[in-house]
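To keep things clear, I will list the structure first and then write my remarks on it.
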Amino acid sequence: MGQVSKNARTSSTTQKFFCSCGGEVKMKTLFENGKFKNLAECEKCKRTERRPSDFK
Ligand SMILES: [Zn+2]
């Protein structure tokens, strides 16, 4: 029997997100109030969200 263990990749680290304006969403790291914060920002319209999936 062959291997059946290779499932579809559910979590890819190189996943791309796109804003509703069509721009690509890039992750940014901000240093704020003594801690690092991850922000997702659209390259095109400069909209920022806390996570890339919020751009839908
Ligand atoms: Zn945008």
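At 0.36 nm per residue, and after removing the present C-alpha to C-alpha distance, how many nm does the segment from GLU43 to LYS56 gain when stretched out fully?
Stretched out fully, the GLU43 to LYS56 stretch lengthens by 3.2 nm.
Give the long-range amide H neighbours of PHE18: residues separated by 5 or more places, or on another chain, with amide H under 5 Å away, using H modelled in the peptide plane at 1.01 Å from N.
So PHE18 has HN proximity to VAL25.
Pop out the carbon and sulfur fraction of the accessible area of the range 12-53 as a percent, whole number, probe 1.4 Å.
Percent of accessible area from carbon and sulfur atoms in the range 12-53: 47.
The values are calculated or read from the model by the stated rules, or taken from the named source; none is laboratory data. Because the structure is a prediction, the values reported are computed rather than measured. Side chains included, ligands, DNA and RNA excluded: accessible areas come from the protein's heavy atoms. Shrake-Rupley method; radii C 1.70, N 1.55, O 1.52, S 1.80 Å.
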